[in-house]
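Below: the structure, in structure tokens.
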Amino acid sequence: MRVLVIEDEGALREQLVQSLRQAGYAVDATDRGEEGAYMGREYPVDVAVLDLGLPDIDGLEVLNRWRDAGFDFPVLVLTARGRWDEKVEGLENGADDYLAKPFHMEEVLARLRALVRRSSGWATRVLMAGPITLDTGTHQVRVGERELELTAYEYRLLEYLMLHAGEVISKTTLAEHLYDEETDRDSNVVEVLVGRLRRKLDPDSDFAPIETLRGRGYRLRAATTDA
Ligand code: CA
């Protein structure tokens, strides 16, 4: 999951970046509205955290530019405490949720998880595909009764595939949503990662949860089956 953070307060931005990375997101961040507006158009953003008070252009202007250009990824707006007018304006301008400063990091993480799930059509915290269950809150993953130990990247990969279960996803798209702009991305790495995840999900080749579609990418089987 790729998250874009636009926040000009240095310490807060760093805290957001660290917490989001720890929570398993690929994170791109900036302190400028212009640059943020550009990143939102050019990067494959899954969700954005947008501060409204920025030094160059207003956060609302950034949001307007994205929405006018047809970008509809969910946006969590950060407002100054007590600025109800900002909240209303933000929601009217296409923000999906807002949070007043100061806030707890857990609150940001919970809001973002909810936004990402909703934009993928999931109403609940626990995602399911066949015998696989993934708890987006605790990061616990099970196949039937068996609990899996996944690395951070294996978890990211599985979460992305589950949020898009039934869709064909190219290696390039996967790489773009798993790694931030500063990370060297290579589709071979995605292949290796998919291989490792497959062996953990399905060590005895019982139900082959991840299909390979030659030249097109991967697809997680969406149908619920007995493990
Ligand atoms: Ca600010």
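The values are calculated or read from the model by the stated rules, or taken from the named source; none is laboratory data. The shown structure was predicted, so the numbers you read here are calculated from the model rather than taken from an experiment. Using ideal geometry, Cβ is built from the backbone for each residue, glycine included, and neighbour counts are taken over all protein chains shown. Keep in mind that these areas ignore ligands, DNA and RNA; they rest on the heavy atoms of the full protein, side chains included. Shrake-Rupley method; radii C 1.70, N 1.55, O 1.52, S 1.80 Å.
Here are a few things to note about the model shown:
- Loop chymotrypsin sites (Phe, Trp or Tyr not before Pro), the stretch 32-112, which have at most 16 other Cβ atoms in a 10 Å radius of their Cβ (DSSP): Phe71, Phe103
- Simple Cβ-charge dipole of the chain, Lys/Arg +1 and Asp/Glu -1, about Cα centre, in debye nearest 20: 900 debye
- Distance histogram in 10 Å bins (all Cα pairs of the stretch 1-93, percent per bin): 17, 54, 28, 1
- Ignoring the sites themselves, the chain has its longest run without GluC sites (Glu not before Pro) in a DSSP loop having at most 10 other Cβ atoms within 10 Å at 1-144.
- Computed over protein heavy atoms with a 1.4 Å probe, the carbon and sulfur contribution to the accessible area of the chain reaches 45%.
- Distance in nm between pseudo-label sites at Asp184 and Gln15 (7 Å out along the Cβ direction from Cα): 3.5 nm
- Taking a straight Cα-Cα cut-off under 29 Å and skipping sequence neighbours fewer than 8 places away in the same chain, the lysines within cross-link reach of Lys87 are Lys101.
- Longest site-free stretch - the chain; sites: trypsin sites (Lys or Arg not before Pro), DSSP loop, at most 12 other Cβ within 10 Å: 82-213
- Solvent-accessible surface of the stretch 69-227, taken per residue with a 1.4 Å probe and all protein chains present: 54 Å².
- Between Gly137, Gly40, Gly70, the Gaussian network model of the chain with springs among Cα atoms under 10 angstrom shows the greatest mean-square fluctuation at Gly70.
- Only one residue of Leu99, Val189, Met39 has its Cα farthest out toward the positive end of the dipole of the chain, where Lys and Arg carry +1 and Asp and Glu -1 on Cβ, and that residue is Val189.
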